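Shown below is the structure under consideration.
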Amino acid sequence: MTGAYICPIYDKEKDFEYGYKLVESAVKCGTSEDLYFVFSDQAQQDKFMDHCMKRFDKKPGKILYDDPLKDCRNPVSMKKWYGIRALSDQYDYIAAIDCECIFLKAQQTGKILDEIWNAQSFLRCNKSTVGASDVKKCAEALGLDQDERLIRETQGFTLTWWFNEIPVYKASDLNAFFEWLDEPDRYKTVYHEWCCFDYYVYVIWLILYRDMHLRALPYTNIAGTIEGLWGSLSFNKAGIEKCFNTHWTSRNERLENNERLCIQFHTDRRFTGNRFVRFLKKVKRMVLSIGRQIK
């Protein structure tokens, strides 16, 4: 089995610096040939690739999506899907990640992504508030919020699967998925709806057209449980990861406690300062997230 990672990236704020750290980890772990970045224009692509060559003496893969996406409210999903389409005839599996990730160990990418797909660990869910609200808004935008199967699988839109596992796409599904997406208004809907995250849409399609089933685990979180581990006060984070059978994590401490982990994500969510300051920053992030749902 073959596999690849695609990562949309922009030359803004610290994204390129996070991207360089991702490339550095890929070089160390021997996965740089399986890593592709999706760029917005030629100048950004040249800048990033030239710097990688100077810094690491290696370049990751590159995909140019030369589209300004000026009125797009969901540019990250658009760039991920563009990269996935571009690689769909070259690999058996493609995983969509963000630049704030690092690889943790050497891996056979195709083998790992095949393992995730066959175990269906990407379908493991938790009760959620904000995350489940995003799922419902996504379904509403696509005109699927009254679909009985989707209501049943999401337990009345109370579950989320977002970032509980590395988001894996199976290449043999992609022609059918994109044909469905390209039908009148769906792609346009996702283009203009922030809550239609790429992997929400794909898993909804898998539920409706590939007879896949969500697996709810006994956890409740504002978003995905694994996504929330970076700020969680739990003393059993490795145990939670193992319950989800996940291959990545957002936590930052004692990662050696879980040998299954291949990737760390949300490396940008690392608060410095004393404990009280860190607590205030966590509260601020939660308030901003909830405020987004109210708008």
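Which of the residues spanning region 40-81 are more than 28 Å from residue 189 (Cα to Cα) and among the acidic types (Asp, Glu)?
If the condition is that a residue be more than 28 Å from residue 189 (Cα to Cα) and among the acidic types (Asp, Glu), then 46, 50, 57 are the ones that fit.
Here's another thing I want to ask about it. Any residue in region 37-50 that is out of contact with any Pro (no Cβ under 7 Å at 6 or more places or on another chain), closer than 20 Å to residue 166 by Cα and either open to solvent by less than 10 Å² (accessible area, probe 1.4 Å) or part of a helix (DSSP H, G or I) (or both)?
Within region 37-50, the subset out of contact with any Pro (no Cβ under 7 Å at 6 or more places or on another chain) is 39-50.
Subsequent filtering for residues that are closer than 20 Å to residue 166 by Cα retains none.
The answer is no, given that none of the residues of region 37-50 is out of contact with any Pro (no Cβ under 7 Å at 6 or more places or on another chain), closer than 20 Å to residue 166 by Cα and either open to solvent by less than 10 Å² (accessible area, probe 1.4 Å) or part of a helix (DSSP H, G or I) (or both).
Let's see how each residue does on (1) under 21 Å from residue 151 (Cβ atoms); (2) more than 14 Å from the chain's Cα centre (by Cα); (3) of a type in the set (A, V, I, L, M); (4) at pLDDT 95 or above:
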residue: 199; (1), (2), (3), (4): yes, no, no, yes
residue: 205; (1), (2), (3), (4): yes, yes, no, yes
residue: 210; (1), (2), (3), (4): yes, yes, no, yes
residue: 214; (1), (2), (3), (4): yes, yes, yes, yes
residue: 223; (1), (2), (3), (4): yes, no, yes, no
residue: 226; (1), (2), (3), (4): no, no, yes, yes
residue: 234; (1), (2), (3), (4): no, yes, no, no
residue: 241; (1), (2), (3), (4): no, yes, no, yes
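When you go through 153, 165 one by one, which is the residue that is of a type in the set (Asp, Glu), under 30 Å from residue 238 (Cβ atoms) and either open to solvent by less than 10 Å² (accessible area, probe 1.4 Å) or under 16 Å from the mean Cα position of the chain (by Cα) (or both)? Spell out the reasoning first.
Numbers: 153 fails: either open to solvent by less than 10 Å² (accessible area, probe 1.4 Å) or under 16 Å from the mean Cα position of the chain (by Cα) (or both).
Exactly one of 153, 165 is of a type in the set (Asp, Glu), under 30 Å from residue 238 (Cβ atoms) and either open to solvent by less than 10 Å² (accessible area, probe 1.4 Å) or under 16 Å from the mean Cα position of the chain (by Cα) (or both), namely 165.
Next up: Which pairs turn up if I take residues in region 157-172 that are under 23 Å from residue 145 (Cα atoms) and look for partners that are of a type in the set (Lys, Arg) and crowded, with 23+ Cβ neighbours inside 10 Å with beta carbon separation below 8 Å, at least 6 apart in sequence or on another chain?
161/124; 164/124
Let me ask another. Which of the residues belonging to region 230-249 are within 12 Å of residue 166 (Cα to Cα) and open to solvent by 10 Å² or more (accessible area, probe 1.4 Å)?
If the condition is that a residue be within 12 Å of residue 166 (Cα to Cα) and open to solvent by 10 Å² or more (accessible area, probe 1.4 Å), then 245 is the only one that fits.
Follow-up. Would you mind finding the one in 137, 62, 47, 70 that is among the basic types (Lys, Arg), at pLDDT below 95 and out of contact with any Gly (no Cβ under 8 Å at 6 or more places or on another chain)? Spell out how you get there, then give the answer.
Numbers: 137 fails: at pLDDT below 95; 62 fails: at pLDDT below 95; 47 fails: at pLDDT below 95.
Testing whether each residue is among the basic types (Lys, Arg), at pLDDT below 95 and out of contact with any Gly (no Cβ under 8 Å at 6 or more places or on another chain) leaves just 70.
Which condition number in (1) within 17 Å of residue 106 (Cα to Cα); (2) surrounded by 15 or more Cβ atoms within 10 Å (Cβ to Cβ) is the one that residue 33 fails?
(2)
Of all residues being assigned to a loop (DSSP other than H, G, I, E, B) and touching a Cys at 6+ places or on another chain (Cβ under 6 Å) in region 106-149, which is least open to solvent (accessible area, probe 1.4 Å)? Just the residue, please. Outline the logic, then answer.
Kept after step one, since they are assigned to a loop (DSSP other than H, G, I, E, B), are these residues of region 106-149: 106-108, 120, 129, 142-147.
After this cut, where a residue has to be touching a Cys at 6+ places or on another chain (Cβ under 6 Å) as well, the list is 106-107.
Working: 106: 75, 107: 27 Å².
Here the residue is 107.
Six or more apart or on different chains, Cβ atoms under 6 Å: show the pairs whose first residue is in region 249-261 and in contact (Cβ under 8 Å) with a residue 40 or more places away in the chain and whose second is surrounded by 14 or more Cβ atoms within 10 Å (Cβ to Cβ) and assigned to a loop (DSSP other than H, G, I, E, B).
If the second residue must be surrounded by 14 or more Cβ atoms within 10 Å (Cβ to Cβ) and assigned to a loop (DSSP other than H, G, I, E, B), the pairs left are 250/265; 250/266; 255/261; 261/104.
Next question, about the same structure. Given the conditions (1) outside any loop (DSSP other than H, G, I, E, B); (2) at pLDDT 95 or above; (3) touching a helix residue (DSSP H, G or I) at 6+ places or on another chain (Cβ under 8 Å), and given that residue 187 satisfies all but one, which numbered condition is not satisfied?
Of (1) outside any loop (DSSP other than H, G, I, E, B); (2) at pLDDT 95 or above; (3) touching a helix residue (DSSP H, G or I) at 6+ places or on another chain (Cβ under 8 Å), only one is false for residue 187: (2).
Quick one: is residue 76 outside any loop (DSSP other than H, G, I, E, B), open to solvent by 20 Å² or more (accessible area, probe 1.4 Å), touching a residue at least 40 places away in the same chain (Cβ under 8 Å) and not basic (Lys, Arg)? So that I can check it myself, show each step before the final result.
Details: outside any loop (DSSP other than H, G, I, E, B): yes; open to solvent by 20 Å² or more (accessible area, probe 1.4 Å): yes; touching a residue at least 40 places away in the same chain (Cβ under 8 Å): yes; not basic (Lys, Arg): yes.
The answer is yes for residue 76.
Something else: Could you check region 8-23 and list, in sequence order, the residues that are free of Cβ contacts under 8 Å to residues at least 60 places away in the same chain, surrounded by 15 or more Cβ atoms within 10 Å (Cβ to Cβ) and among the acidic types (Asp, Glu)?
Selection gives 11 alone.
Tell me yes or no: at least one residue of region 204-223 is charged (D, E, K, R) and at positive phi. Lay out the reasoning, then the answer.
Filtering region 204-223 down to residues charged (D, E, K, R) leaves 210-211, 215.
Filter once more, keeping what is at positive phi: 211.
Yes: one or more hits.
The values are calculated or read from the model by the stated rules, or taken from the named source; none is laboratory data. Predicted, not measured: the structure shown is a model, and the values here were computed from it. Don't worry about glycine lacking a Cβ; one is built from the backbone with ideal geometry, like all the others, and counts go over all protein chains shown. Note: accessible area is taken over every heavy atom of the protein model, side chains too, but ligands, DNA and RNA are not part of it. Shrake-Rupley method; radii C 1.70, N 1.55, O 1.52, S 1.80 Å.
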